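Just so it is clear, none of the values below were taken in a lab; they were calculated from the coordinates. Everything numeric in this text was worked out from a predicted model, so none of it was measured. Every residue, glycine among them, receives a Cβ derived from its backbone with ideal geometry; neighbour counts consider all protein chains shown.
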Amino acid sequence: MTLAERLERVKGIVLPTLTGHFGEGMLTHAEHRGELSISVPRERLVELVRYLRDEPALGFTMLKDICAVDWNRRKERFELIYNIWSLDNSIRLRVKCFTEEKSPHVDSLTGLFTAANWYERETYDMHGIIFDGHPDLRRMYMPEDFVDPNSGEPLYPLRKEFPMMGVPGSMPLPERN
Amino acid sequence: MNINSSATLERVYDLRQRKILSKIIDKDTTISLEGRDPLENTMVLNMGPQHPATHGVLRVLLRLDGETVEKCVPELGYLHRGYEKLGENISFHEFLPHTDRLDYLSPLSNNVGYALAVEKAAGIETPERAVWIRTLISELARISSHLMAMGAMAMDVGAVTMLLWTFREREKLYDIFEKICGARFTTSYTRIGGVANDFTPDVLPMIRKFIEEFPANLRDFEGLINRNRIFVERVSGIGVITAQDAIALGLTGACLRGSGVPHDLRRDEPYLMYDQLDFDVITYSDGDCLSRYLTRGDEMKESVKIVNQLLGRIPSGPTLADDAKNVLPGKTEIYTKMEELIHDFMLINFGVQPEPGEIYSAIEAPKGELGFYIVSDGTGHAWRMKIRSPSFCNLQALTPMCEGSMISDVVAIIGSIDPVMGEADK
């Protein structure tokens, strides 16, 4: 199956059902290289994903991945990407929403998928996005005290302002003998 | 400011321990044994990060009531090298060797997965022979990874002979890999647009010989422990996860198929040559450690089937795409032709420049779904490179699998999940 055929199949299954349920205005979709992404306002993210999971004709029962993208020049700085898979239809779909820079909050999906637990922890660790309703929002990889030694602010390594070489003093090292 | 003083270190240590311990110790739990019956208390056991059965640097904190695991908290990050950050700062060609270090037990399939992702982003077509080579090496990598998984799991529960036997077979595969690309572990064999070099004439006879002998050897392995009561009773009914839970946890690979869900990207989202090949998706329905173990064993037989089909249809032709703007030219051309020299200079300095947009490309790696999500802004390096690593997602099932089981089952469960920390920690 070529990429174009795959895209037509995904669009044929997903778009009529979604516009039928949510109407025209709320969702926007984009396509690139045979992949479909759906953007949604972040207040309605959980509602949309719940519908995608529970509607029998769609059946997106697997959450494959969550990640964030830092668009540092935009007002809505962080974009969240949810990669979901439908076992019944064998199709993949990306759901996206934006969140702002000052207080990057978004609702947690842990109530819908247990898999979201670690994915959201990783995204919090790397980008500093707060997932409201997450039961255990700790850092995944970095140590809990990974802070700027001068300001005391927590550091998030995948934000664009974080330097490639790291921040000196942010990781305490053993003393030299 | 002197951050390195021992007082700071002590404070940091306290903070970390408190945060981790507070996860597993409730207010009413006490680990002090003074004046009370020790058997009435729960205790906290720290397993790893340096523990032979945790397959690398996985740290697991366990709260035990006698020998029963009451709570299990995995801690990751001991091998975090920031590959996603690196991917945003170096060109697509430069990132390729780093994919070897993700799942270091099957570097060839990581190379293939990454090359496919960049080619999808940049819209590069690969020649038929390169696609054939990639399919072949992916299956050989699957066999070598599953051999390691079976051997290590058997060793974790006490059957050390198994590991020595599977290592012997794996050695032969690594000899083949060495012939193919000159390296045994860090292969970096694929290139964007194809593979680094064609097979030398002695590679195919080696593969044929291995594939001919392998089924009999596999039967020997299975004869060794598959009907061994000690082994079977040690792993069957242990670490059970239902199909529903496995789907909700986003498990992939043998962990999902061991729970009876027939999801395999080779069939569900075919890439390379898999839509032209005949193979079965193996499932076992019990969802326990034995099911996952048996799934891997049978998948190797399917891989042998696939390799045999591939060896029956060998295409000829170039192994690198003819696309001067994206594919690195060969050294002979660079040294003799002006145009190729210019292209090489441009590619090394500015890299492949996919048009702006985002792609996600995934392959069925031995451990599960290995995906690369690349956001391109039209420059020579990715704006965002997210690695969806199967070991990370599968490890999340450790907590539900371990809680309620015995402490000696934990090693069997970790072995059956088959995590590779290089990939889980990125």
Check: So for region A:1-124, taking the charge dipole from beta-carbon charges (+1 Lys/Arg, -1 Asp/Glu), which of A:LEU27, A:ASN89, A:ALA4 sits furthest toward the positive end?
Finding: A:ALA4
Check: Among B:TRP132, A:ILE129, A:THR99, whose Cα sits farthest toward the positive end of the charge dipole of the protein assembly as shown (+1 at Cβ of Lys/Arg, -1 at Cβ of Asp/Glu, about the Cα centre)?
Finding: B:TRP132
Item checked: Partners for A:LYS75 among aspartates and glutamates (Cα-Cα distance below 14 Å; same-chain residues under 8 apart left out) -> A:GLU100, A:GLU101
Next item on the list: Work out the length of the dipole vector of chain B about its Cα centre, built from +1 on the beta-carbon of each Lys and Arg and -1 on the beta-carbon of each Asp and Glu, and round it to the nearest 20 debye.
Entry: 540
Note to self: If you wrap a convex hull around the alpha carbons of the protein assembly as shown, what volume per residue comes out, as a whole number of Å³?
What the structure shows: 179
Next item on the list: Among B:LEU310, B:ALA254, B:GLN50, flag the residue with its Cα farthest along the positive direction of the charge dipole of chain B, charges on Cβ as +1 for Lys/Arg and -1 for Asp/Glu.
Entry: B:GLN50
Check: Looking at chain B, which Cys residues are left with no other cysteine's beta carbon under 4.7 Å from theirs?
Finding: B:CYS181, B:CYS255, B:CYS289, B:CYS393
Next item on the list: Using a/c under 1.5 as the rounded threshold, could you call region A:3-109 rounded, prolate or oblate? The axes a ≥ b ≥ c are square roots of the C-alpha gyration tensor eigenvalues, and prolate needs a/b larger than b/c, oblate otherwise.
Entry: prolate
Checklist line | Cα-centre dipole for the protein assembly as shown with unit charges at Cβ (Lys and Arg positive, Asp and Glu negative), debye to 20 | finding: 520
Margin query: What is the angle, in °, between the Cα long axis of helix B:107-122 and the longest principal axis of the Cα atoms in chain B? Nearest 10 is fine, range 0 to 90.
Written below: 60
Notebook entry, point to check: Among the aspartates and glutamates, which have Cα under 15 Å from the Cα of B:LYS172 when same-chain residues fewer than 8 positions away are ignored?
Noted result: B:GLU139, B:ASP202, B:GLU212, B:GLU213
Check: What residues have an amide H closer than 5 Å to that of B:ARG101, excluding those fewer than 5 places away on the same chain, when H is modeled at 1.01 Å from N in the peptide plane?
Finding: none
Item checked: Over region A:3-109, relative contact order from alpha-carbon pairs under 8 Å, at least 6 apart, % -> 24
Notebook entry, point to check: Any idea what angle helix B:407-417 forms with the longest principal axis of chain B, computed on alpha-carbon atoms, 0 to 90 degrees, nearest 10?
Noted result: 10
Next item on the list: Kindly provide the chymotrypsin sites (Phe, Trp or Tyr not before Pro) of region B:124-224 that DSSP labels as loop, not H, G, I, E or B, and whose Cβ sees at most 15 other Cβ atoms within 10 Å.
Entry: B:PHE185
Check: Where does helix B:289-311 land angle-wise versus the long Cα axis of chain B, in degrees 0 to 90, nearest 10?
Finding: 10
Check: Can you give the charge dipole size of region A:3-109 about its Cα centre, rounded to the nearest 20 debye, using +1 on the beta carbon of Lys and Arg and -1 on the beta carbon of Asp and Glu?
Finding: 260
